[in-house]
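A.B. asks: Mind looking over this structure? Questions follow.
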């Protein structure tokens, strides 16, 4: 295993368990404890983690996953406006993909005005809500993330590999003009990428608090999207950069 691959694995363990023990990780990766200590030293220099006696804990540099109940209380007005704008892209008879998250839940609550809509999602809460509406809803299944109700993993990946949709609405925790869309885990990054691939129109829905940030795993570059919908609190210099450097994207500010 290359050092870069090993360090990615270390970060994945940290994100899952919040801490690591040198000897345990060394045994899992079949390398010496000294090798792991050198990895931790390098990752600490990059501010990804903080070393402790015999191990490490996750640092504060990377944007991390926030529990659903906390997300639900953040930037609610912006998310409602984003959802209103997103709904203008939908037409009767469409099949749409809704990524997990509170902004996409807001979109889900605007689908009752459309006819013959199919919704595909990896979010148990969105699926549960839509099951009570006049909407055909399909849920990916897979491993369920604690505190969010989001499904991920190999089963979810296979599910989205076999689908086509008119629009894919994807959210994220971090957007950067250079780094693109990033997310806290490799599993989530791969799943979001698969969702976008399944959509004829690829739409990012993210409030302005997500911009100017980087997380661990790359999803896509901004130029791989068709539409970015965000709120008016996004700094003008970022709006100008997106519109000038990413000519293929339509940035919609609400």
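A.B. asks: Which of (1) closer than 30 Å to residue 17 by Cα; (2) in contact (Cβ under 8 Å) with a residue 12 or more places away in the chain is the odd one out, the single condition residue 158 does not satisfy?
C.D. replies: Looking at each condition in turn, residue 158 falls short on (2).
A.B. asks: Which strands (runs of 3 or more DSSP E) does the stretch 196-254 wholly contain that include 3 or more residues that are outside the structural domain of residue 8 (by TED's automatic domain parsing) and out of contact with any helix residue (DSSP H, G or I) (no Cβ under 8 Å at 6 or more places or on another chain)?
C.D. replies: On the way: elements: 199-205, 217-220, 227-230, 250-253.
Where strands (runs of 3 or more DSSP E) fall fully within the stretch 196-254 and carry at least 3 residues being outside the structural domain of residue 8 (by TED's automatic domain parsing) and out of contact with any helix residue (DSSP H, G or I) (no Cβ under 8 Å at 6 or more places or on another chain), they are 199-205.
A.B. asks: Does residue 180 satisfy being under 30 Å from residue 241 (Cα atoms), in the same structural domain as residue 240 (by TED's automatic domain parsing), touching a residue at least 40 places away in the same chain (Cβ under 8 Å) and surrounded by fewer than 22 Cβ atoms within 10 Å (Cβ to Cβ)?
C.D. replies: Values: under 30 Å from residue 241 (Cα atoms): yes; in the same structural domain as residue 240 (by TED's automatic domain parsing): yes; touching a residue at least 40 places away in the same chain (Cβ under 8 Å): yes; surrounded by fewer than 22 Cβ atoms within 10 Å (Cβ to Cβ): yes.
Considered against the rule, which asks whether it is under 30 Å from residue 241 (Cα atoms), in the same structural domain as residue 240 (by TED's automatic domain parsing), touching a residue at least 40 places away in the same chain (Cβ under 8 Å) and surrounded by fewer than 22 Cβ atoms within 10 Å (Cβ to Cβ), residue 180 comes out as yes.
A.B. asks: Tally the residues that are farther than 19 Å from residue 183 by Cβ and either outside the structural domain of residue 234 (by TED's automatic domain parsing) or outside any loop (DSSP other than H, G, I, E, B) (or both), restricting the search to the stretch 87-105. Walk me through how you get there before you give the answer.
C.D. replies: To start, the set of residues in the stretch 87-105 that are farther than 19 Å from residue 183 by Cβ comprises 87-96.
This time we only want the ones that are either outside the structural domain of residue 234 (by TED's automatic domain parsing) or outside any loop (DSSP other than H, G, I, E, B) (or both), so: 87, 95-96.
The number of residues fulfilling the criteria is 3.
A.B. asks: Scan the stretch 116-126 residue by residue and report those that are part of a helix (DSSP H, G or I) and surrounded by 22 or more Cβ atoms within 10 Å (Cβ to Cβ). Give the steps one after another, and end with the answer.
C.D. replies: So in the stretch 116-126, the residues part of a helix (DSSP H, G or I) come out as 124-126.
Residue satisfying the conditions is 126 alone.
A.B. asks: Let me ask another. Filter the stretch 38-57 down to residues that are surrounded by fewer than 16 Cβ atoms within 10 Å (Cβ to Cβ) and in a helix (DSSP H, G or I) and give me whichever is farthest from the chain's Cα centre (by Cα).
C.D. replies: 38
A.B. asks: Out of curiosity, is residue 120 modelled with pLDDT of 95 or more and touching a strand residue (DSSP E or B) at 6+ places or on another chain (Cβ under 6 Å)? If you could, list the steps in order and put the result at the bottom.
C.D. replies: On the way: modelled with pLDDT of 95 or more: yes; touching a strand residue (DSSP E or B) at 6+ places or on another chain (Cβ under 6 Å): yes.
Taking the combined requirement at face value, the residue satisfies it.
A.B. asks: Can you work out which of the residues in the stretch 225-254 that are buried (at least 17 other Cβ atoms within 10 Å of the Cβ) and more than 20 Å from residue 90 (Cα to Cα) is modelled with the highest pLDDT?
C.D. replies: 234
The values are calculated or read from the model by the stated rules, or taken from the named source; none is laboratory data. Predicted model only: the values in this text are computed from it and were never measured. Because the Cβ atoms are built from the backbone with ideal geometry, glycine has one as well, and the counts that use them run over all protein chains shown.
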